[in-house]
Ligand code: FES
């Protein structure tokens, strides 16, 4: 017949297993959450970014505008900076392009003498409305949805893919 009382060594084993289980849960659940969170947040949050008065952008000249976005993920705060080119084609027609090259993500700049956006990394060229002219980029520059309210231009982040 077995004793109804637990031996000292059985108690130590049980207590050690219990404490180890609690510690695994405390450490493991946040770690699993951290690893899975990128998959859970597949889509970036959409938001409207103000770019100021539309009339301040010259006609026919791609004009650089920079903005930052701050994202807070738990204890982590991240500030990212973005650059776009605003192309005001007529008084009311405007398009806004990302400055990120669609090849490997280098930042393009507007070269007015060539009338091209040029990527410095592998000499990718895009025309004034972001279409590929030459080089390795596989598709046009990404573009932003825009709206004009009371004369103020806004873009919707993130940009959409073309081509
Ligand atoms: S990153 Fe722009 S051409 Fe390669």
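Defining a contact as two alpha carbons under 8 Å apart and six or more residues distant in sequence, what relative contact order in percent does the chain show? With pairs under 8 Å counted, the relative contact order is 19 percent.
In the chain, the calculated helix contribution to ellipticity at 222 nm averages -7500 deg cm²/dmol per residue, counting -39,500 (n - 2.57) for every DSSP H run with n ≥ 4. Rounded to the nearest 10 degrees, the angle from helix 8-40 to the longest Cα principal axis of the chain is 10 degrees. To the nearest 0.05, how large is the calculated FRET efficiency for residue 19 and residue 161 if R₀ is 45 Å and r is the Cβ-Cβ distance? FRET efficiency, residue 19 to residue 161: 0.30.
Label-to-label distance for residue 133 and residue 149 is 3.6 nm, based on points extended 7 Å past Cα in the beta-carbon direction.
Using a Gaussian network model of the chain in which every pair of alpha carbons under 10 angstrom is joined by a spring, one finds that among 98, 46, 21 the greatest mean-square fluctuation is at 21. Our estimate of slack between residue 107 and residue 121, defined as 0.36 nm per intervening residue step minus the Cα-Cα distance, is 4.2 nm. Percent of Cα pairs in region 47-160 per distance bin of 10 Å, from zero to the largest separation: 14, 43, 31, 10, 1.
Distance between the 7 Å Cα→Cβ label points at residue 5 and residue 68: 6.8 nm.
Read-outs throughout are calculated quantities, based only on the coordinates presented, and are distinct from any laboratory measurement. These numbers were taken from a predicted model, which means no experiment stands behind them. As a convention, Cβ positions derive from the backbone with ideal geometry for all residues, glycine included, and neighbour counts pool all protein chains shown.
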